[in-house]
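Below is one structure, written out as structure tokens; the observations come after it.
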Amino acid sequence: MLIKCSNDEENKGYRTDYVVFIINQTKNAVEPVWLDYIQEALEIVQKLPSTEKSKYIVQLNDIYQNIWQHIGQNMHENKHELTLSDNKQYDNYLSGIKKFSLVETIVSLCQCIDSFNPDEWRAAGEKSVFNEVFNLNVLDGKNRMLYELPPRGEKNSDFKWKLHEFRLQISIFGAVIVKPLIDHLRHFETDELNELKELINASDFVPTTRKEVVFEAFLHSIKDSMYMPITTLTGQFEEAIRQYIHRKGGIYFKIKKDGSRTELIGNSLADESCKYLNEKDGFLVKSLFSKYSINVRNLLAHGDTEPEEAERGEYYAFLAIFLHFIYSELIY
């Protein structure tokens, strides 16, 4: 509701009013969703007379940094519009990646999800301006409704909020941690990336008949745009989960009343996989299929994702999640 109001203020053309509105509404905010609005307000401020500019810049920068501190210390995205005071550790992370060999980069991609601990990144709704009074309408980049969250404390609301908060945090993790690793892979020649092919071939997670498809899709996500290869990989991940359930002795299909067989998809598939996965990996699978989380499989399969949106953090995070499962089936 507040985001809708901020859109209305902007559309009226009241540029200074819009900046003041954003400042007032984000004083106690910790949701990452506000970062883009704060950044937009900063761009507006840059066009104001110098006498007005400085006071707004200070306030917006303070709010911006406060949100980041609630997401995770020193995990600052590299945004050229802002000068953040405590980004040395992240700069060291980026500098370190430049020294990685090909194998080190691939292994880091496979293992980085293991280092992601939402509890350390703090719950995004902890001091929410939305609080527990309002329903939260979650919109996509084109202001289309993705889902509506119930007030906290309502029956069955806790897990939906957990999925939602994971979506906010893993999107940033994908942008600031995973994307630099993918970008570094782009410096290697295509022939060198056969190391990734060997990893996929050695893992039981990817079905034998799908290994070449999965490798080619990963290769194109590194060398080309993300949209088409990510669309392919989400479907291949779904099939890999089915085959994983089958190897564990589970049932990855159901029989209809007419006797025909249909394979499990979406949330039903995620629920079944949780019987054979550890808690963290089960939650990762649920997040990929739930409308309350990153939901990359359904958003791509139903054409709801624009090509440019496939460059967002959650899609980079999906690549790391897929590699996490590939690597886990290789070493355990």
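Computed quantities for the displayed model
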{"item": "Residue match in segment 186-198 (condition: within 23 Å of Phe289 (Cα to Cα) and open to solvent by less than 10 Å² (accessible area, probe 1.4 Å))", "result": "no"}
{"item": "All positions within segment 297-319 that are open to solvent by less than 40 Å² (accessible area, probe 1.4 Å) and more than 9 Å from the chain's Cα centre (by Cα)", "result": "Leu299, Leu300, Thr305, Glu309, Ala310, Leu319"}
{"item": "Any pair with Cβ under 9 angstrom, 6 or more apart, that starts in segment 154-170 at a residue that is at positive phi and ends at one that is outside any helix (DSSP H, G or I) and not hydroxyl-bearing (Ser, Thr, Tyr)", "result": "Asn156/Pro150"}
{"item": "Where Lys127 falls short, out of the listed (1) within 18 Å of Leu319 (Cβ to Cβ); (2) open to solvent by 60 Å² or more (accessible area, probe 1.4 Å); (3) at pLDDT below 90", "result": "(1)"}
{"item": "Check on Ile22, modelled with pLDDT of 75 or more and either within 21 Å of Asn66 (Cβ to Cβ) or not in a helix (DSSP H, G or I) (or both)", "result": "yes"}
{"item": "Subset tally (residues that are open to solvent by 60 Å² or more (accessible area, probe 1.4 Å) and within 17 Å of Ala301 (Cα to Cα)) for segment 214-265", "result": "3"}
{"item": "Top-ranked residue in segment 199-213 [being open to solvent by 60 Å² or more (accessible area, probe 1.4 Å) and among the hydroxyl-bearing types (Ser, Thr, Tyr); ranked as nearest to Glu306 (Cα to Cα)]", "result": "Thr209"}
{"item": "Test for Lys280: is it farther than 22 Å from Pro207 by Cβ, without any contact (Cβ under 8 Å) to a residue 24 or more places away in the chain, among the charged types (D, E, K, R) and in a helix (DSSP H, G or I)", "result": "yes"}
{"item": "Every pair of residues 6+ apart whose Cβ atoms lie under 6 Å, when the first sits in segment 205-226 and is farther than 14 Å from Glu192 by Cα while the second is open to solvent by 70 Å² or more (accessible area, probe 1.4 Å)", "result": "Lys211/Asn201; Met226/Glu311"}
{"item": "Flag for Lys275 being part of a loop (DSSP other than H, G, I, E, B) and at pLDDT 85 or above", "result": "yes"}
{"item": "Condition check for Val138: in a strand (DSSP E or B), at pLDDT below 80, among the aliphatic types (A, V, I, L, M) and open to solvent by less than 60 Å² (accessible area, probe 1.4 Å)", "result": "yes"}
{"item": "Among (1) modelled with pLDDT under 70; (2) out of contact with any Leu (no Cβ under 7 Å at 6 or more places or on another chain), the one test that Glu81 misses", "result": "(2)"}
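The values are calculated or read from the model by the stated rules, or taken from the named source; none is laboratory data. Note that the structure is a prediction, hence the values are computed from the model and not measured. With ideal geometry, Cβ positions are generated from the backbone for all residues, glycine too; neighbour counts draw on all protein chains shown. Heavy atoms of the whole protein, side chains included, go into the accessibility calculation; ligands, DNA and RNA do not. Shrake-Rupley method; radii C 1.70, N 1.55, O 1.52, S 1.80 Å.
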